[in-house]
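A.B. asks: Sharing a structure with you now.
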Amino acid sequence: MEPAAGKHSSLINVLIRLLLLAVFVLGVRFAYVIAVAGESCTIADFCFFSLPESINLVLAGAVTGTGSLAVEPESPEVQRSKDWIKGVRFYSSVFRELVSSGYLSPASKSLCVETPTGRDVVALKEVGVADVIGISKKAAKKPLEKKGEGHKIPFPGESFDFVFCSEGAIQRSVRPSEFTLEIARTLKPEGFAVFHLTNPRDTYSFNSFLDLFNYCFKVVKLRDIVGFDSSMLNIREIVLKKECGNVNDQFHSVAKFGSDDYGNGYDDSASNSDINENCYIPAYKKDLVRNAEPLILEEPLKPWLTLKRNVKNIKYLPSMVDISFKDRYFYVDVGARSYGSSIGSWFRKQYPKQNKTFHVYAIEADKTFHKEYGLKKGVTLVPYAAWVKNETLTFEIHRDPGEHVEVKGRGMGRIQPLRSSTRSFDGEVEKIRGFDFADWLKNTVSRNDFVVMKMDVEGTEFDLIPRLFETGAICLVDEIFLECHYNRWQRCCPGKRSTKYEKTYQQCLELFNSLRQSGVLVHQWF
């Protein structure tokens, strides 16, 4: 019997040693995690046990340096790294500043919009905000988040006192207008919405962001802060206060700022339906005009060569400002002719689009060019003549001696009212439909869109431009490339001017100057 007892004792000793070894390994691992990695067991990559869901681990001083953080162990996929903890620490400091400024309180019912990591949600809990929820596209297993997106927030109207939108979510949205409308819908009156943006860095983009809020919001705080990772190194924090009730019934713009330091405010509350002859072009757009390339004051002797040189000097608007806060992007080619005339050869290849997708409207009355547009993706043909009202016009096709044309000897077409068509004209004449271009523009684009226009209408610019000002539609255009037609020197015949147009180069300069003095960024096109 004694040998059997000895074997039993040896087995017990082995088990005890294995148990002690396991305890030792666990202790070493726990010491490493706490002392070296600075993380708790629920956050680390390797643990021997897990805690019940109802228990919060307190990281005293490890996260904020000043307090503790309640970590929900149900979200291990995002709560593992030092970067995640660094982000929580950052947002905790942000929220403490907002609390001290009176924009946030522990009693604020709060929403974090499109929060992929949940760091801002946890940070709100950390600073004492008990009633907080986040939404993200992939939030099925996250305890403090609900599935949702910025343009479709899954909560009733006026549900929250505080809404936070971080990590540039609104800049990535393909529906920024819907995004901001949903925030306005779900925010209570007198509530605060806080945005962290990587931009805007210029007055144009800043006001473009504010233009997305076509309801009664007021900027109450604006500051630049240093971020916590490479994607958000420099952050512009904007705090807006909602000052009205149901956003579906009231559409008043936020107060916007026009100076470089955003210090001098002005109110611009016109919506699309309000745009009229009193259209106001704000100061920040006028500042851009002063930075544009100078106009060519002396009449060019060879205007067909001047265009090639002038294109190199043009200061395009997207090269001066950020356009990412616009809702949609349009290129309107008035007098487009063939696709390769300017859309394919210039706009698609040379215009700086900042990786935005532009929809193109090709306005061309000459049916000779219509067929090819049916094959072009992202292009809508408007097969009529841009005019000052809806009426039937005559379309005169003619060409100067030696003029280069694209289609079977087809010359440039010029529209005339029917009452003027009795004058003698040696060329092809047909009747076409003209439409009120200014009215069409107001019904096609909005103040939140980015609109680039090229206008080459064979002299009709002297009718269309005043009409754009008269109706206020000029306020919807961000940048214009205008070819002004005058009795210029002919390429074929040195010393002779074209008899096609009655205007002089000086009259064209006056048109360009009037546009720029009004705050319209216009470039000379030849």
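A.B. asks: Taking the stretch 180-237 only, how many residues are within 19 Å of T117 (Cα to Cα) and open to solvent by 40 Å² or more (accessible area, probe 1.4 Å)?
C.D. replies: Initially, the stretch 180-237 is screened for residues within 19 Å of T117 (Cα to Cα), giving 194-198, 227-233, 235.
From what's left, open to solvent by 40 Å² or more (accessible area, probe 1.4 Å): 198, 229-231, 233.
Number satisfying all stated conditions: 5.
A.B. asks: Among the residues of the stretch 162-196, which ones are at pLDDT below 90 and either aliphatic (A, V, I, L, M) or more than 12 Å from the chain's Cα centre (by Cα) (or both)?
C.D. replies: S166, E167, A169, I170, V174 - these are the residues of the stretch 162-196 that are at pLDDT below 90 and either aliphatic (A, V, I, L, M) or more than 12 Å from the chain's Cα centre (by Cα) (or both).
A.B. asks: Quick one: which residue in L212, L317 is out of contact with any strand residue (DSSP E or B) (no Cβ under 8 Å at 6 or more places or on another chain), modelled with pLDDT of 85 or more and among the aliphatic types (A, V, I, L, M)?
C.D. replies: Details: L317 fails: out of contact with any strand residue (DSSP E or B) (no Cβ under 8 Å at 6 or more places or on another chain).
On inspection, the qualifying residue turns out to be L212.
A.B. asks: Could you list, in sequence order, the residues of the stretch 295-312 that are closer than 18 Å to N513 by Cα and open to solvent by 80 Å² or more (accessible area, probe 1.4 Å)?
C.D. replies: Here is the first cut: in the stretch 295-312, the residues closer than 18 Å to N513 by Cα are 295-300, 310.
Listed by number, the residues that qualify are L297, E298.
A.B. asks: Among the residues of the stretch 146-162, how many are surrounded by fewer than 21 Cβ atoms within 10 Å (Cβ to Cβ) and in contact with a helix residue (DSSP H, G or I) (Cβ under 8 Å, 6 or more places away or on another chain)?
C.D. replies: Qualifying residue count for the region: 7.
A.B. asks: Hey, does the stretch 447-470 have a residue that's small (G, A, S), touching a residue at least 60 places away in the same chain (Cβ under 8 Å) and either outside any helix (DSSP H, G or I) or open to solvent by 30 Å² or more (accessible area, probe 1.4 Å) (or both)?
C.D. replies: Going through the stretch 447-470, the residues small (G, A, S) turn out to be 459.
Checking which are touching a residue at least 60 places away in the same chain (Cβ under 8 Å) leaves us with none.
No, there is no match, as no residue in the stretch 447-470 is small (G, A, S), touching a residue at least 60 places away in the same chain (Cβ under 8 Å) and either outside any helix (DSSP H, G or I) or open to solvent by 30 Å² or more (accessible area, probe 1.4 Å) (or both).
A.B. asks: Follow-up question, since we're still on this one. I'm trying to understand the selection: among the residues of the stretch 502-523, which are closer than 30 Å to K285 by Cβ and either touching a helix residue (DSSP H, G or I) at 6+ places or on another chain (Cβ under 6 Å) or in a loop (DSSP other than H, G, I, E, B) (or both)?
C.D. replies: Taking the stretch 502-523 and keeping what is closer than 30 Å to K285 by Cβ, we get 503-523.
Residues satisfying the conditions are K503, T504, R516, S518, G519, V520, L521, V522.
A.B. asks: Is the stretch 484-496 home to any residue that is under 33 Å from the mean Cα position of the chain (by Cα) and part of a loop (DSSP other than H, G, I, E, B)? Quick ask: steps written out before the conclusion?
C.D. replies: Let us first name the residues in the stretch 484-496 that are under 33 Å from the mean Cα position of the chain (by Cα), namely 484.
Of the ones still in play, those that are also part of a loop (DSSP other than H, G, I, E, B) are 484.
Checking the stretch 484-496: at least one residue is under 33 Å from the mean Cα position of the chain (by Cα) and part of a loop (DSSP other than H, G, I, E, B).
A.B. asks: Okay, next question. Based on what the data block shows, is S273 modelled with pLDDT under 50, in a helix (DSSP H, G or I) and open to solvent by 30 Å² or more (accessible area, probe 1.4 Å)?
C.D. replies: Details: modelled with pLDDT under 50: yes; in a helix (DSSP H, G or I): yes; open to solvent by 30 Å² or more (accessible area, probe 1.4 Å): yes.
It is true that S273 is modelled with pLDDT under 50, in a helix (DSSP H, G or I) and open to solvent by 30 Å² or more (accessible area, probe 1.4 Å).
The values are calculated or read from the model by the stated rules, or taken from the named source; none is laboratory data. Keep in mind the model is a prediction, meaning the values are calculated, not measured. So basically every Cβ, Gly included, is an ideal-geometry build from the backbone, and we count neighbours across all protein chains shown. In case anyone asks, the SASA skips ligands and DNA or RNA and just uses the protein heavy atoms, side chains included. Shrake-Rupley method; radii C 1.70, N 1.55, O 1.52, S 1.80 Å.
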